[in-house]
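Heads up: the structure comes next, in structure tokens.
The values are calculated or read from the model by the stated rules, or taken from the named source; none is laboratory data. Here the structure is a predicted model, which is why all the values come from computation and not from measurement. A quick note on method: Cβ atoms are made from the backbone with ideal geometry, for glycine too, and the neighbour counts reach across all protein chains shown.
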Amino acid sequence: MPHEHPASPTSTTTASPAPASPALASAVLGMTADQYADACIAAGTHGARPLALERYANLFRRGIIDSPHLPVTLPPIVRTHTSESPEGTVLKFTQSVPVTVDGTRAPRPTTLASAPGEIGSGLGLPVLQPSITSLETESVLIPMVGRKQMRSYTLCLSSQVGCAMGCGFCQTAQMGLVRSLTAAEIISQYFAAAHLVTRPDPAATIANIVFMGMGEPLDNYDQVLQAVRVLTDRRGPSLAMNKITISTVGRLDGIARLAEQVRHEGWHRLSLAISLNAPNDAVRSQIMPINRAMPMADLRRAMTDWPFYCGKHLCIEYVLIPGINDAPHHAEQLAAYYKGDDYDGPAELDGHPIPRYAGPQLRGLINIIPYNPRHNSPWLAPTEEAAEAFMDRLKARTVYCKRRRTKGRDTMAACGQLGNPEVTRKAVAASLR
């Protein structure tokens, strides 16, 4: 597949400011326009504020990374993978980031390569082979076809390398938490998707951002919130707040912090997704260790208390795993959890109790996600018949639910499949000794 080049630099007709410092060049992607302009003024070497804002706009809107006054440092792209779906080609790409953020231990050099078809070929970009001391972010461009039959992309971003949450069905969890990403490293994924990699449909825009890649976003709260500020900056990417979704396994402390942020002007329409994935505490504690400290009743109260604006609703994600959470009584228990005081179903089904929950019906969509097997998974993907039967039972209880279409499963680009099995927290720690 051919790959497009980054945008060519343009000349500046105004007085030439001094070159940017290396520190500023590596951090600018994580700054809003005002923060960048303030940094330029503080440095005293980057010209007037209007010039700084012009450089910032050219960076994000035109992809100019090699301006003599703003040479941006980007994480190298490692590889790309594509797979087909009914709505278009799914593209997964990885970028290389150092093991440490603060530079206390510089990563050893990695091997350069230029294998045919890899992103570095012909672009002048280094292509890196996997290395324990060179970590990778993983991002996915997912094609979407809307009601008007116009194609766009949803970009799935990672907020960490690895994850500390330990969910048994998730590939990323098998890595453990290696490290969190900076706001600049998060935005580098957006920048690469917008300006560096060749999108399968170049005419389609990146319309939505979901923090559903590697990591628990609320475990990297400050950097994720800063990335959202950059993504919505009107002088930069200029994405609408309602086009951005943050997904969490249910960190109650993080949800409370995010709820307070959403109450601020300009943040009302930020979307929240909750990975529920179980119909009762026993099952959820089995596959999601966080439930032992933050059980489903407490999570339900957090969802009920979420500040809703402009008709927004929560996305409640439910990964359907054969033999774990897909039985008829599981669907009934999930309906009772969703409906709260409005549930009028049986007290038990097939010998299994259906617990009741106090409170109003949840303002959310149950998003059924057929399980995408991780490496060495003990579970298979569910059959089409099982997924449809589970959905039908929920609909019979008037539960608002939809099914997420499976995309990218064959290239480990689907939900729950991101992560390098050769890079784990233990392996990285050993390599730094």
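Would you call Asn280 in contact (Cβ under 8 Å) with a residue 60 or more places away in the chain and either among the β-branched types (Val, Ile, Thr) or crowded, with 16+ Cβ neighbours inside 10 Å (or both)? The answer is yes for Asn280.
Inspection of the stretch 66-79 identifies at least one residue that is β-branched (Val, Ile, Thr) and assigned to a loop (DSSP other than H, G, I, E, B). Asp222 passes every criterion in (1) acidic (Asp, Glu); (2) in contact (Cβ under 8 Å) with a residue 40 or more places away in the chain; (3) under 27 Å from Met303 (Cα atoms); (4) surrounded by fewer than 23 Cβ atoms within 10 Å (Cβ to Cβ) apart from (2). Among the residues of the stretch 258-312, the ones that are closer than 20 Å to Phe390 by Cα and of a type in the set (Asp, Glu) come to 1 in all.
Here Ala386 clears all of (1) closer than 18 Å to Arg403 by Cβ; (2) of a type outside the set (Phe, Trp, Tyr); (3) part of a loop (DSSP other than H, G, I, E, B) except the condition numbered (3). Looking only at residues of the stretch 247-268 that are free of Cβ contacts under 8 Å to residues at least 60 places away in the same chain and either touching a strand residue (DSSP E or B) at 6+ places or on another chain (Cβ under 9 Å) or outside the structural domain of Phe308 (by TED's automatic domain parsing) (or both), we find that the one that is farthest from Leu334 (Cα to Cα) is Val262.
Looking only at the stretch 141-157, filter to residues that are hydrophobic (A, V, I, L, M, F, W, C) and part of a strand (DSSP E or B); which one of those is farthest from Cys415 (Cα to Cα)? Restricting to residues being hydrophobic (A, V, I, L, M, F, W, C) and part of a strand (DSSP E or B), the top hit is Val145. Picking from residues in the stretch 303-346 that are of a type in the set (Asp, Glu) and assigned to a loop (DSSP other than H, G, I, E, B), the one that is farthest from the chain's Cα centre (by Cα) is Asp344.
None of Gln226, Gln174, Gln189 is out of contact with any strand residue (DSSP E or B) (no Cβ under 9 Å at 6 or more places or on another chain) and assigned by TED's automatic domain parsing to the domain that holds Cys315 except Gln226. Scanning the stretch 347-370 for residues that are surrounded by 12 or more Cβ atoms within 10 Å (Cβ to Cβ) and outside any strand (DSSP E or B) turns up Ile354, Pro355, Arg356, Tyr357, Gly359, Gln361, Leu362, Arg363.
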